[in-house]
Amino acid sequence: MLDSTGLKKQRVAILGSTGSIGVSTLEVLSLHPDRFEVFALTAATQVDKLLRQCVQFRPTFAVMASSVHGQELAHQCQALGLSTQVLWGPDAITEVARHEQVDVVMAAIVGAAGLASCLGAARAGKRLLLANKEALVVGGDYFLQAVAAGGAKLLPIDSEHSAVFQSLPEDATSWATQIDKIILTASGGPFRQRDPASFGDITPDQACAHPNWVMGRKISVDSATMMNKTLEVIEARYLFGVAPGQIEVVIHPQSVIHSMVQYRDHSVMAQLGTPDMKVPIAYGLSWPKRMTSGASALDFRAMTDLTFESLDAHGHGQRFPGLALAWVVLAAPAGTTAVLNAANEIAVAAFLAGQIRFDQMHVVNLETLSKVQPAPPGSLEDLLALDAQSRDAAARVVTRLAV
């Protein structure tokens, strides 16, 4: 099918379509029906939400993570007379990610669960819009090798990494000689000014109430602990090929400047915008050009101050101890970043389930790192085994700490 310019419509697979990134992606795509076609949608458990998306967008495929949810969705699609073919299971998610008819893959499955499908899309040479931090945090160089081998185009969707990408020259071969440092901004989350002595009293609902962004519960907790920034430092090291010492983090409470690049001449390029994920999503879909996103524009007349805080001031080092782990694991043996990611996923799930306190998540991460000594992973199976070993170690720490 051709669009209004005579070009073939881009077929898009959205992995994790019922999450916040997936929903925002569909909102952007709905603004450009002449340019894009929704080919496949996947979800973990939200059958009713995925069904509504199937009714609206009529994808060729819809995939659920489990057979129970997949069979339920298949029954409901059949009852409505939808032609969408329903599949289920991790292998099916990977199959649609690398399907020969797919042009663009939005990788928005949260956590290490999205690694296999990201690798499938990379090896198949897709335009891969990476909203899943863990593909790089867990996969590291192994994932980048798959991108290179498949000839995929990797485009970051995290607001911070998209901002860096937009602030860099299009010719990636020039980055190493031009970049002095990358400066990732962080809002500081809901507890930027809270006394760390009271962190043990924080509830899951409080941790998920971000002052600027609307996100899922896992990433909201990561933002509250600033473990999201820990993962983003690791991701930036792989995305942009810089040394860990060339990456800095600064707190910027207003979330207007999404990140910056300082060049060798000490000039600084920054990307600004409203805190709306539709902007980086639209840029990833339309790169190297731009298109409307549906996000509100910045109103500079209504702005007051843009402020910044050092992580070395205001007690932030005590408030956000997990951030320093980014540089620790990047200096450690290959695979250590995957250990930290697995530990953090277990810790966040335990906190949200009421098993441990907010301030104990960092304890889970530290103890897991001390207990798991990884060997360099050389395959997906190695990465998944390391992930499972790390989760088991973290779960044992949670059991000991459980309130």
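What follows draws every value from the coordinates through simple rules; no lab data is involved. Bear in mind that the values here come from a model prediction, so they are computed numbers and not experimental data. A quick note on method: Cβ atoms are made from the backbone with ideal geometry, for glycine too, and the neighbour counts reach across all protein chains shown.
Nothing charged except the Cβ atoms of Lys and Arg (+1) and of Asp and Glu (-1): what's the magnitude of the dipole of the chain about its Cα centre? Round to the nearest 20 debye.
Numbers: 31 positive and 37 negative charges, 95 e Å.
The dipole magnitude comes to about 460 debye.
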For segment 366-382, what does the Karplus curve 6.51 cos²θ - 1.76 cosθ + 1.60, with θ = phi - 60°, yield as ³J(HN,Hα) per residue in whole Hz, taken in order and with x for Gly and Pro? 5, 5, 5, 4, 6, 8, 10, 10, x, 8, x, x, x, 7, 4, 4, 4
Which log10 I(q)/I(0) values, to two decimals, does segment 10-157 give at q = 0.09, 0.10, 0.15 Å⁻¹ under the Debye formula with one point per Cα? -0.24, -0.30, -0.67
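Would you calculate a helix-derived [θ] at 222 nm for the chain, using -39,500 (n - 2.57) for each DSSP H run of n ≥ 4 and dividing by the full residue count, to the nearest 500? Mind dumping the intermediate values first?
Details: 17 runs with 177 residues, N = 403.
Helix-only estimate at 222 nm: -13000 deg cm²/dmol.
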In Å, what Kirkwood hydrodynamic radius results for segment 332-403 from the alpha-carbon pair distances? 12.0
Mind giving me the nanometre distance, one decimal, between the label points for residue 307 and residue 243, set 7 Å out from Cα along Cα→Cβ? 3.5
Please work out how much length the chain gains when fully extended from residue 263 to residue 9, using 0.36 nm per residue of separation minus the C-alpha to C-alpha distance, in nm with one decimal. 87.7 nm
Stretchable slack from residue 373 to residue 197, in nm (0.36 nm times residue separation minus alpha-carbon distance): 60.2 nm
Convex hull volume of the Cα atoms in segment 204-309, per residue, in Å³? 154
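What is the gain in length, in nm to one decimal, between residue 206 and residue 290 on full extension, counting 0.36 nm per residue of separation less the C-alpha to C-alpha distance?
Values: separation 84, 0.36 × 84 = 30.24 nm, distance 3.65 nm.
That pair, residue 206 and residue 290, stretches by 26.6 nm at full extension.
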What percentages make up the Cα-Cα pair-distance distribution of segment 248-403 when the bins are 10 Å wide from 0? 9, 25, 27, 28, 10, 1
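Kindly flag which residue pairs out of 126/181; 9/278; 49/126; 133/278; 218/289 have an alpha-carbon separation exceeding 23 Å in this structure.
With Cα atoms farther than 23 Å apart: 126/181; 49/126; 218/289.
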Any idea which of 315, 303, 224 is furthest toward the positive side of the dipole for the chain, if Lys and Arg beta-carbons carry +1 and Asp and Glu beta-carbons -1? 303
Expressed in nanometres to one decimal, the distance between label points 7 Å along Cα→Cβ at residue 318 and residue 45 is 3.8
Rg (Å, one decimal) plus Dmax (Å, integer) for the alpha carbons of the chain? 20.7, 63
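Evaluated at 10 °C with a viscosity of 1.306 mPa s, what Stokes-Einstein diffusion coefficient in µm²/s does segment 167-223 have when Rh comes from the Kirkwood expression over alpha-carbon pairs? Walk me through the numbers on the way to the answer.
Values: Rh = 14.2 Å.
Translational D for this selection: 112 µm²/s.
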